[in-house]
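Presented below is the structure to which this report refers.
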Amino acid sequence: MSHSDRRLSQTDRTRHRRLREQGSEDRADLDAILSAGFVCHLGVRVDGDVLVVPTVYGSDGTTLYLHGSVASRSVVAAPEETVCVTVTHVDGLVLARSVFEHGVNYRSAMVFGTPRLVTDPQEKLAGLRCLTEQAAPGQWGYARQPSRKELAATSLLALSLDEASVKIRTGAPDDGDGPDARLGLWAGVLPLHARWGDLEPDPALPTGVEPPPHLTGRQGTPAS
């Protein structure tokens, strides 16, 4: 793959107009942000109103698969409607000497495009596996997979990753060399780390049913 193939395409929607220094055009940054999560917010027009719907997603590197019946109803009603999907990870609070300079260390991605409703059973299975494995790697092969009836009752959207915008902020406050540096106030970053906790068994589990290694191995590990 050439260097140019690893750059995000620039459109009027993805162009960085504010805080350009936090913008990234590296496709690897988009892939990393999407890989680190499994919940997104989907902005979509439903019955004339704009809704922002939280839902789970999975990325295969070229397509974003999204779960959601509300959004799919909108796509059927308005098949040419553009949506916006956002994924954000908060890494810490940036606490400066003045409130004006406070901020957040974060990684975020916005994906624009016209989604399509997935109707092919094989692609729907592949898309649902993508969602499941992104959230809990190993779970697709462990749990019972969807029946034909369940598959028909499940709504899945597919959105191309061709049009996306990425912004990332890292590091300390920006007022360390300004007049406020003489105030004698503490400034720095309060990091935020999310980790998976201990497994909580279903009370209905029979005695002797132990959790699989792909779940026990995630206890205490970073969640993003």
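For this structure, a couple of remarks:
- Pick from region 112-128, criterion of a type in the set (A, V, I, L, M) and in contact with a Leu (Cβ under 9 Å, 6 or more places away or on another chain), ranking: nearest to Arg148 (Cα to Cα): Leu125
- Of the residues Pro191, Pro173, Pro213, the single one that is out of contact with any Pro (no Cβ under 9 Å at 6 or more places or on another chain), over 24 Å from Thr63 (Cβ atoms) and either surrounded by 16 or more Cβ atoms within 10 Å (Cβ to Cβ) or at pLDDT below 95 (or both) is Pro173.
- Annotation note: of Val99, Val90, the sole residue that is surrounded by fewer than 18 Cβ atoms within 10 Å (Cβ to Cβ), touching a Leu at 6+ places or on another chain (Cβ under 6 Å) and at pLDDT 95 or above is Val90.
- Of Ala158, Ala153, Ala204, Ala143, all but one fail to be surrounded by 13 or more Cβ atoms within 10 Å (Cβ to Cβ) and among the small types (Gly, Ala, Ser); the exception is Ala158.
- Filter result (surrounded by 16 or more Cβ atoms within 10 Å (Cβ to Cβ) and in contact (Cβ under 8 Å) with a residue 40 or more places away in the chain) within region 64-87: Leu64, Tyr65, Leu66, His67, Gly68, Ala71, Ser72, Val75, Val83, Cys84, Val85, Val87
- Considering only residues in region 103-124 that are of a type in the set (A, V, I, L, M) and not in a loop (DSSP other than H, G, I, E, B), the one that is farthest from Ser155 (Cα to Cα) turns out to be Val104.
- Selection status of Glu21, outside any strand (DSSP E or B) and closer than 30 Å to Ala172 by Cβ: yes
- Which listed residue, of Gly43, Gly23, Gly48, Gly61, is surrounded by fewer than 16 Cβ atoms within 10 Å (Cβ to Cβ), under 30 Å from Trp196 (Cα atoms), out of contact with any helix residue (DSSP H, G or I) (no Cβ under 6 Å at 6 or more places or on another chain) and not hydroxyl-bearing (Ser, Thr, Tyr): Gly61
- Considering region 102-130, and only residues there that are among the hydroxyl-bearing types (Ser, Thr, Tyr) and either over 30 Å from Val46 (Cα atoms) or out of contact with any strand residue (DSSP E or B) (no Cβ under 6 Å at 6 or more places or on another chain) (or both), the residue that is surrounded by the fewest Cβ atoms within 10 Å (Cβ to Cβ) turns out to be Thr119.
- Residue satisfying condition, being under 30 Å from Ala181 (Cβ atoms) and under 13 Å from the mean Cα position of the chain (by Cα), within set Ser35, Ser108: Ser108
- One residue stands out among those in region 54-77 that are among the small types (Gly, Ala, Ser) and assigned to a helix (DSSP H, G or I): the one that is nearest to the chain's Cα centre (by Cα), which is Ala71.
The values are calculated or read from the model by the stated rules, or taken from the named source; none is laboratory data. Note that the structure is a prediction, hence the values are computed from the model and not measured. We place every Cβ from the backbone using ideal geometry, glycine too, and count neighbours over all the protein chains shown.
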